[in-house]
Amino acid sequence: MSNIVVFGSQWGDEGKGKIVDMLAQQSAAIVRFQGGNNAGHTLVVGGEKCVLHLIPSGILHPGKICLIGNGVVLDPAVFLSEIETLAKKGVDVSPKRLMISKKTHVIMPYHCALDVARESSRSGGTKIGTTGRGIGPCYEDKVHRCGIRAADLADPELLRKKIVHALEEKNVLFKALYGAEPLDPEKIFQDMLPLAERIKPYLGDVSSAIQEVVAGGGSLLFEGAQGTHLDVDHGTYPFVTSSTTVSGNAASGSGCSPRLLDRIIAIVKAYTTRVGGGPFPTELFDATGDYLQNHGGEFGATTGRKRRCGWLDTVVLRESARLNGPTELAVTKLDVLSGLPEIKLCAAYDYKGARVLYPPQEENAMAHVTPVYETMPGWNEDLCGVTSWGDLPANARKYLERMEELSGVKVGLVSVGPDRTQTFPRG
Ligand code: IMP
């Protein structure tokens, strides 16, 4: 059995949850390695919708182990509320099958407050459009070396000390810079105590758990969140999230060797979407953009915001290929393109008088490129019932083949709808 990494190749919302859900059936353990509850995976199982933000989507598969790695940032209240929701649906959420690494950093209320205060103080084009979930400030504390880690929740005195320490600096910011009321460390500590008690049974050593799965002959599925172009280093900085979203982080964000990563699947939506601020070269502001938005139901699973929509950008995809080394593409939402008379895909950019095949790396340069498009004929057939490569309309197959040529990566899976039954191999 091989261990698989699933990652987003665009700006998130590629439909990773659905592919993870499918692959979870053949895996012993599902591991999250970065991000937090800024993610949102909408799964449809037996016609019923289920949105998860933090807990790996593998939890819906009885008997699978779900691990939250050290690279994740965890909001205890969100974790506990997801557990409650799942338990009500009859899902087993016992610590026997769900573990949080003791090294995972904890999102505290002051992280959320800081995220929102900062975002509201930004104006116009400088707004990042964060999800307001405290993700950036939590990762900042991690690298600033004053973060609270999940293991600290089991040590009340250490927890109190760390909260007091963190707020010494943050309260100055709240008062002096953002004109907000300072936060009371003792109240935050007291509010956190009952949550900490409930989190405690879930704390564990994720590295060892991974080793045990491997030793027992089971395979691992590493579930990426967000997308490559939201990566804090490689994305459209500064319009990015605060974690490392590329496949290599599956190892360091969960505490295992990169030699364990066998198969790396790039999830690519058949067109492009983005939520929040930042450059988006192939964005459409016309009726076709509205068509993709409506037809694709493009609203954020976490914030409910309308997603910006545009044509597939193979410059973005090519960059994802070189950064992540995918063994295959899993193309999602191909059905959404049905009914368009012609479909464009961006093959290159014009930038400062030159034709480029990769995104330029200067800050915000992506805002100044001109996409070079190829136009392909569309198809009218409804794809929802298609179950094999051979049954796809010829023009849909040609579109996918061109995607393979331009990205240099073969398609492995195609998805034509939200249900578990609507994904099939390339054939
Ligand atoms: P943050 O991760 O909340 O700090 O938000 C930073 C940027 O990443 C914003 O533009 C968000 O809209 C975007 N973002 C964060 N998580 C996701 C996601 O799961 N899907 C799509 N965009 C996301």
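The values are calculated or read from the model by the stated rules, or taken from the named source; none is laboratory data. Small disclaimer: the values here were computed from a predicted structure and weren't measured. Every residue, glycine among them, receives a Cβ derived from its backbone with ideal geometry; neighbour counts consider all protein chains shown.
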**Request:** Please work out if ARG322 is over 18 Å from the mean Cα position of the chain (by Cα) and within 23 Å of PHE33 (Cα to Cα).
**Result:** yes
**Prompt:** Does ASP75 fit the bill of being among the acidic types (Asp, Glu) and at pLDDT 95 or above?
**Reply:** yes
**Item:** Residue match in segment 85-101 (condition: surrounded by 15 or more Cβ atoms within 10 Å (Cβ to Cβ), basic (Lys, Arg) and in contact with a strand residue (DSSP E or B) (Cβ under 9 Å, 6 or more places away or on another chain))
**Value:** yes
**Asked** Taking segment 294-325 on its own, how many of its residues are among the charged types (D, E, K, R) and more than 15 Å from the ligand (Cβ to nearest atom)?
**Response** 4
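Residue by residue, here is whether (1) among the small types (Gly, Ala, Ser); (2) surrounded by fewer than 20 Cβ atoms within 10 Å (Cβ to Cβ); (3) over 24 Å from VAL232 (Cβ atoms) holds:
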| position | (1), (2), (3) |
| --- | --- |
| ILE148 | no, no, no |
| ILE163 | no, no, yes |
| LYS175 | no, yes, yes |
| GLY179 | yes, yes, yes |
| PRO182 | no, yes, yes |
| GLN190 | no, yes, yes |
| GLU197 | no, yes, yes |
| PRO201 | no, yes, yes |
**Prompt:** Can you name the residue in segment 1-31 that is part of a strand (DSSP E or B) and of a type outside the set (Gly, Ala, Ser) and is also surrounded by the fewest Cβ atoms within 10 Å (Cβ to Cβ) among such residues?
**Reply:** ILE4
**Asked** Residues in segment 202-249 that are within 16 Å of the ligand (Cβ to nearest atom) and farther than 20 Å from LEU23 by Cα: how many?
**Response** 17
**Request:** Determine which member of the set PRO194, PRO201 is out of contact with any helix residue (DSSP H, G or I) (no Cβ under 7 Å at 6 or more places or on another chain) and either in a loop (DSSP other than H, G, I, E, B) or touching a residue at least 40 places away in the same chain (Cβ under 8 Å) (or both).
**Result:** PRO201
